[in-house]
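For reference, the structure discussed in these notes is given below.
The values are calculated or read from the model by the stated rules, or taken from the named source; none is laboratory data. The shown structure was predicted, so the numbers you read here are calculated from the model rather than taken from an experiment. No Cβ is skipped: glycine too gets one built from the backbone with ideal geometry, and neighbour counts run over all protein chains shown.
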Amino acid sequence: MKLIILSAPSGAGKSTIINALMQKGLKLEFSISACNRAPRTGEKHAVDYYFLSTKEFQSKIKQDAFIEWEEVYENHYYGTLKSELERVENRGNHMIFDIDIAGGLNLKKQFGEQALALFIMPPSVEELERRLRNRATDSEENILKRVAKAEKEMAQSKLFDKIIINENIDQAINDTEKVIREFLIQ
């Protein structure tokens, strides 16, 4: 099993790219992350995320149940359960991750050549802010927090195996698919 890691600032398009890749016959299976936030409208437990209480999340940290985990924002935890790797490996598929920058780099460090780390780059910070506002899922405070964080995250893009610039979503999907196909045949 190989691991495909997609990281990006919030709003850069990684979820859209992953959804498209899942239809390309690459034998990819989505890694369902755990988090301690409330579900957004339409999100389902064990489909979009494993929604855990803060107490449950911290308990799993103590049990060493995570491959990786991060406190992304104060008291906002995200992580990948070890059971997710086992689930996907048992099905004979490769795992694709939609994960924050720190988590993506952590996975790449742990899995080395078994993992491909891709950074999805927005064309600009201004465009990223426009996308966040258009999706209308965050408060003004959260949008400003995400934009400030994005500037720092974009500076870390050079630590990834490949940078995909998402100026045009169809082109970004095609570029990402090409890189992944090349990686999977190695």
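Things to note:
- Only one entry of ASN106, ASN75 meets the criterion of being modelled with pLDDT under 95 and at positive phi, and that entry is ASN75.
- Those residues of region 16-71 which are within 30 Å of GLN171 (Cβ to Cβ), out of contact with any helix residue (DSSP H, G or I) (no Cβ under 9 Å at 6 or more places or on another chain) and acidic (Asp, Glu), in sequence order: GLU43, ASP48
- Some residue of region 151-174 being of a type in the set (A, V, I, L, M) and part of a loop (DSSP other than H, G, I, E, B): no
- Qualifying position, being β-branched (Val, Ile, Thr) and either within 28 Å of ARG37 (Cβ to Cβ) or touching a Ser or Thr at 6+ places or on another chain (Cβ under 7 Å) (or both), among ILE185, ILE101: ILE101
- Every listed requirement among (1) buried (at least 19 other Cβ atoms within 10 Å of the Cβ); (2) more than 21 Å from GLU29 (Cβ to Cβ) is met by PRO123 save one, (1).
- Per-region count, region 20-43, residues in contact with a strand residue (DSSP E or B) (Cβ under 9 Å, 6 or more places away or on another chain), farther than 17 Å from GLY104 by Cβ, in contact (Cβ under 8 Å) with a residue 12 or more places away in the chain and not small (Gly, Ala, Ser): 7
- Considering residues of region 44-68 that are at pLDDT below 95 and in contact with a strand residue (DSSP E or B) (Cβ under 7 Å, 6 or more places away or on another chain) only, the residue farthest from GLU86 (Cα to Cα): TYR49
- Applying the criterion of being closer than 30 Å to ARG181 by Cβ and hydrophobic (A, V, I, L, M, F, W, C) to the residues of region 126-159, the residue that is surrounded by the most Cβ atoms within 10 Å (Cβ to Cβ) is LEU128.
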